[in-house]
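Chemist: One structure, pasted below without further comment.
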Amino acid sequence: MLHCPNNSCAGPEGNRIASGLNNISFANPAVDVLQAYYRNISGYYEASFPDEPPNLFNFTAEDLTTDNYTITSRATRVKMLDYNATVEITFQGTNIMDSGENHPVHLHGFRFYVIGSGLGNFNNVTDPLTYNLVDPLKLIPSQSLRTVGPPSDS
């Protein structure tokens, strides 16, 4: 959610629905992020993308009010990865407006597979036990949560 002045938007509690990752909604900079990076131009992005949301809550609750979600900030933040690093990303769907959501993510130079999916909130202790690391999906199904990771030969 993005805050609207005077609660003037049509979303829950007068806010605006926005796609985001870890409570950050992408703000398009005047200079492309990769161009700024390669040309060492400062001020167009921050290398401070958080590893997890600032507040964990019941993302799939029936009644999502401001008591159980966080207002999203607009920013241009990136996650810098070391060359040949292995990472795991979980896309957690929410129940805001009972609709599917977009999860804006842009990866350069990476190959990934869907190694897990399920319903409800991601549990970092029990959900990884069900990951498919033998023959993972190369497609992204359209609903629920998704965890992507490197192929098992990486």
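Chemist: Tabulate in residue order the Karplus-calculated ³J(HN,Hα) for segment 127-133, using 6.51 cos²θ - 1.76 cosθ + 1.60 with θ = phi - 60°, rounded to whole Hz; enter x for Gly and Pro.
Modeler: 4, x, 5, 9, 4, 9, 9
Chemist: Each label point is 7 Å from the Cα along the Cα-to-Cβ direction; what then is the distance between the points at SER73 and ASN22, in nm?
Modeler: Label at SER73, label at ASN22, 1.2 nm between them.
Chemist: As an exercise, use a Förster radius of 35 Å and the Cβ-Cβ distance of ASN132 and CYS4 to find the FRET efficiency, rounded to the nearest 0.05.
Modeler: Details: r = 41 Å, r/R0 = 1.18.
Given R0 = 35 Å and the Cβ-Cβ separation, E is 0.25.
Chemist: Skipping prolines and chain starts, which residues have an amide H placed within reach, meaning under 5 Å, of the one on THR76, given they are 5 or more residues away or on another chain?
Modeler: Residues meeting the amide H criterion: ALA27, GLU46.
Chemist: Skipping prolines and chain starts, which residues have an amide H placed within reach, meaning under 5 Å, of the one on PHE91, given they are 5 or more residues away or on another chain?
Modeler: Those qualifying (amide H under 5 Å, at least 5 residues apart or on another chain) are ARG146, THR147, VAL148.
Chemist: What distance in nm separates the simple spin-label points at ASP51 and VAL87, each placed 7 Å from Cα in the Cβ direction?
Modeler: Result: 1.3 nm between the two label points.
Chemist: Sort VAL31, VAL134 so the one with the fewest other Cβ atoms within 10 Å of its own Cβ comes first.
Modeler: On the way: VAL31 14, VAL134 7.
The order, fewest Cβ neighbours first, is VAL134, VAL31.
Only the coordinates and a few stated rules stand behind these numbers; no lab work does. Everything numeric here is computed off the predicted structure, so don't read it as measured data. Counting neighbours? That spans all protein chains shown, and the Cβs are built from the backbone with ideal geometry, glycine included.
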